[in-house]
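The values are calculated or read from the model by the stated rules, or taken from the named source; none is laboratory data. Quantities reported herein were computed from a predicted structural model and do not represent experimental measurements. Here Cβ is always computed from backbone atoms with ideal geometry, including for glycine, and neighbour counts include all displayed protein chains. Protein only, heavy atoms only, side chains kept; ligands, DNA and RNA dropped before computing areas. Shrake-Rupley method; radii C 1.70, N 1.55, O 1.52, S 1.80 Å.
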Amino acid sequence: MPELPEVEALAAYLRERAVGREIDRVEVAAISALKTYDPPVSALAGLPVTDAGRHGKFLDLTIGSAGSAGSALHLLVHLARAGWLHYRESFTPTPLKPGKGPIALRVRLSDGSGFDLTEAGTQKKLAAYLVRDPAEVPGVAKLGPDALAVTREEFEQRLRQRRGQVKGVLTEQDVLAGIGNAYSDEILHAAKLSPFAITDRLSAEALDRLYTAMRAVLTDAVTRSVGQQAATLKGEKRSGLAVHARTGLPCPVCGDTIREVSFHDSNFQYCPGCQTGGKPLADRRLSKLIR
Ligand SMILES: [Zn+2]
């Protein structure tokens, strides 16, 4: 699942490849992926791509100039769990057929290149919005401060206000924007904190470690990701992970075996040696099976 570093890298990639080019047309293959109808995607034809950025995990393509007419439009995309962006040097001229394939949306640029927004699997959660102001997208409007921009003071405030297990709270986008399942595992590991620590009981010292770890993990991942081609980005993400998706492997810090716990609708990984005083956390999924 693309999180802050990957979306930042995709935005950087689009700034390099798409900004300055005009949109030829946008084809929607998965009708359900496009969440807005006014303005229609046909309004983009002939307009230049003027910027690419992100809001939390939302990719934001600015199209047209904000100039005196205030006519800039924003194509916002949330890639969800299995969405991705594929840049192509050229396409066949045949229009995309709406259907069940992985392509949700195709953006054709006037020089013949462009990109596909794709989604693997059967759960279709990728969401695209064409709006005049990013704040019209509910998911964007409710975002908390960006995880890489939040100050230490605001970070503490927001975490303490949302009482809960730190693993979950870190990924709540209205608390902090940009962190998902993978980087919250990495951040908690770097901070040597139990995923089940309760936010409003964290000491000032633990919050310092968490804040420092968050900045270090995300900055490092952005540095590794930006400049990667979209195609190699996922591999790059995986190679930089210390605990996430590494169940059963040795911890690169202490050598203990990385363990997995089911949490909400997914799994997370942690190192008992680094994070929980050597004690494995109870896995409710396993205890249910045993009973
Ligand atoms: Zn460890």
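Taking first residues from the range 269-284 that are in contact (Cβ under 8 Å) with a residue 40 or more places away in the chain and partners that are near the ligand (Cβ under 8 Å from one of its atoms) and open to solvent by 30 Å² or more (accessible area, probe 1.4 Å), the Cβ contacts under 8 Å between residues at least 6 apart in sequence or on separate chains come to 271/253; 271/254; 271/256; 274/253; 274/254; 274/256. Based on this model, can you work out whether residue 164 counts as more than 20 Å from the chain's Cα centre (by Cα), open to solvent by less than 80 Å² (accessible area, probe 1.4 Å) and under 28 Å from residue 182 (Cβ atoms)? It is true that residue 164 is more than 20 Å from the chain's Cα centre (by Cα), open to solvent by less than 80 Å² (accessible area, probe 1.4 Å) and under 28 Å from residue 182 (Cβ atoms).
A single member of 193, 188, 159, 176 is at pLDDT 95 or above, open to solvent by less than 10 Å² (accessible area, probe 1.4 Å) and within 16 Å of the ligand (Cβ to nearest atom), and it is 188. In the range 246-262, the qualifying residues are those that are modelled with pLDDT of 95 or more and open to solvent by less than 30 Å² (accessible area, probe 1.4 Å), and the one that is farthest from the ligand (Cβ to nearest atom) is 258. For the residues 81, 15, the requirement of being charged (D, E, K, R), surrounded by 14 or more Cβ atoms within 10 Å (Cβ to Cβ) and part of a loop (DSSP other than H, G, I, E, B) singles out 81.
The residues in the range 99-125 that are crowded, with 21+ Cβ neighbours inside 10 Å and either basic (Lys, Arg) or within 30 Å of residue 161 (Cα to Cα) (or both) can be counted, and the count is 1.
I want to confirm something. Restricting to the range 279-291 and keeping residues that are away from the ligand (no atom under 16 Å from the Cβ) and open to solvent by less than 60 Å² (accessible area, probe 1.4 Å), which single residue is modelled with the lowest pLDDT?
Initial filter on the range 279-291 (away from the ligand (no atom under 16 Å from the Cβ)): 282-291.
Narrowing further to those that are open to solvent by less than 60 Å² (accessible area, probe 1.4 Å): 283, 287.
Values: 283: 74, 287: 52.
Selected residue: 287.
Looking at (1) closer than 30 Å to residue 13 by Cβ; (2) in contact with a Phe, Trp or Tyr (Cβ under 8 Å, 6 or more places away or on another chain); (3) open to solvent by less than 30 Å² (accessible area, probe 1.4 Å); (4) away from the ligand (no atom under 16 Å from the Cβ), can you tell me which one residue 225 breaks? Failing condition for residue 225: (2).
Select from the range 201-212 the residues that are touching a Leu at 6+ places or on another chain (Cβ under 8 Å) and open to solvent by 10 Å² or more (accessible area, probe 1.4 Å) and write down the one among them that is farthest from residue 163 (Cα to Cα). Looking at residues that are touching a Leu at 6+ places or on another chain (Cβ under 8 Å) and open to solvent by 10 Å² or more (accessible area, probe 1.4 Å), I get 209.
Restricted to the range 264-278, and to residues that are open to solvent by 20 Å² or more (accessible area, probe 1.4 Å) and not polar (S, T, N, Q), which residue is farthest from the ligand (Cβ to nearest atom)?
In the first step, residues of the range 264-278 are kept if they are open to solvent by 20 Å² or more (accessible area, probe 1.4 Å); the result is 264-267, 273, 276-278.
Next, from what is left, pick out any that are not polar (S, T, N, Q): 264-265, 273, 277-278.
Working: 264: 24, 265: 26, 273: 4, 277: 11, 278: 10 Å.
Among those that are open to solvent by 20 Å² or more (accessible area, probe 1.4 Å) and not polar (S, T, N, Q), it is 265.
Taking the range 229-245 as the range and being open to solvent by less than 70 Å² (accessible area, probe 1.4 Å), in contact (Cβ under 8 Å) with a residue 24 or more places away in the chain and of a type in the set (D, E, K, R) as the test, only 237 passes.
Does residue 140 count as under 30 Å from residue 45 (Cβ atoms), modelled with pLDDT of 95 or more, not hydroxyl-bearing (Ser, Thr, Tyr) and not in a strand (DSSP E or B)?
Working: under 30 Å from residue 45 (Cβ atoms): yes; modelled with pLDDT of 95 or more: yes; not hydroxyl-bearing (Ser, Thr, Tyr): yes; not in a strand (DSSP E or B): yes.
Yes, satisfied.
Kindly evaluate residue 243 against the criterion of being in contact with a helix residue (DSSP H, G or I) (Cβ under 8 Å, 6 or more places away or on another chain), within 29 Å of residue 160 (Cα to Cα) and within 16 Å of the ligand (Cβ to nearest atom). Against the criterion (in contact with a helix residue (DSSP H, G or I) (Cβ under 8 Å, 6 or more places away or on another chain), within 29 Å of residue 160 (Cα to Cα) and within 16 Å of the ligand (Cβ to nearest atom)), residue 243 qualifies.
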